[in-house]
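Everything on this sheet refers to the single structure shown next.
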Amino acid sequence: MDDERWMARAIELAKFAESNAEVPVGAVLVRDNELLAEGHNAPISNHDASAHAEIQAIRAACLVDENYRLPDATLYVTLEPCAMCAGAIVHARIARVVIAAKEPRAGAGGSVLNVLQNENFNHRCDVEFGLMGEQSAAMLKAFFRARRK
């Protein structure tokens, strides 16, 4: 698996989201080291509260795969998923989630909640934190610092 390559692409997508005045989050879905789909945050521009990067990538991958489940897929995401996105990840049966930066206020990959590995659900994901985490966290901090000004 070329984890750094795919996370670098997710960061590119996050930068694209930021250029559109969206919170800079990007997501890439891969299976067998082949791109299935990608997404970036777009809730503001799409007027859609569910248009998070992970949801955008999952929707696109399901269309490509012609299946609502994505077994054996890996999701690379620049920020720890929220509860909505983590729920979609579990429902899509994504096997592995590689997360750059933790989300200490609303993260559902283990920071605040652990939806991705909840033993009460019939699917749990392998979760890894920290790949390019400093880069992603710095981008997010700079974005919110600029918005507060």
Taking θ as phi - 60°, what are the ³J(HN,Hα) couplings along the stretch 16-24 by the Karplus curve (6.51, -1.76, 1.60), each to the nearest whole Hz, with x for Gly and Pro? 4, 4, 4, 5, 9, 6, 9, 4, x
Could you tell me which of Ala60, Cys85, Val30 has its Cα farthest along the dipole of the stretch 23-101 towards the positive end, charges placed at Cβ (Lys, Arg +1; Asp, Glu -1), taken about the Cα centre? Cys85
I want to verify the translational diffusion coefficient of the chain in µm²/s; compute it with Stokes-Einstein, Rh as the Kirkwood radius over Cα pairs, at 37 °C and 0.692 mPa s. 221
Which chymotrypsin sites (Phe, Trp or Tyr not before Pro) in the stretch 66-125 sit in a loop by DSSP (not H, G, I, E or B) and have at most 15 other Cβ atoms within 10 Å of their own Cβ? Tyr68, Phe121
Quick one: putting +1 on the C-beta of Lys and Arg, -1 on the C-beta of Asp and Glu, what dipole do you get for the chain around its Cα centre, in Debye to the nearest 20? 680
Taking a cut-off of 12 Å, what percent of all Cα-Cα pairs in the stretch 73-128 are separated by more than that? 56
Quick one: ranking Lys149, Lys141 by accessible area, 1.4 Å probe, largest first, what do you get? Lys149, Lys141
What lysines does Lys102 reach when the alpha-carbon gap must be under 17 Å and sequence neighbours fewer than 8 apart in one chain are set aside? Lys141
Debye sum, Cα scatterers, the stretch 35-114, no solvent: what log₁₀ I/I(0) at q = 0.14, 0.20, 0.24 1/Å? -0.41, -0.85, -1.19
Run the quick spin-label model on Lys149 and Ile44: label points 7 Å from Cα toward the beta carbon, then report their separation in nm to one decimal. 1.5
Which loop trypsin sites (Lys or Arg not before Pro) in the stretch 38-94, with loop taken from DSSP, have no more than 14 other Cβ atoms within 10 angstrom of their Cβ? Arg69
Centroid-to-centroid separation of the stretch 1-58 and the stretch 63-117 [C-alpha atoms, Å]: 12
Length gained, Glu34-His91, 0.36 nm per residue minus C-alpha separation, equals 18.4 nm
Once the cut-off is 12 Å, how many percent of the Cα-Cα pairs in the stretch 103-149 end up in the long-distance tail? 70
Along the Cα→Cβ direction, 7 angstrom out, place labels at Phe129 and Leu63. What is the inter-label distance in nm? 3.4
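The values are calculated or read from the model by the stated rules, or taken from the named source; none is laboratory data. These numbers were taken from a predicted model, which means no experiment stands behind them. No Cβ is skipped: glycine too gets one built from the backbone with ideal geometry, and neighbour counts run over all protein chains shown. We work out accessible area using only protein heavy atoms, side chains counted, and drop any ligands, DNA or RNA first. Shrake-Rupley method; radii C 1.70, N 1.55, O 1.52, S 1.80 Å.
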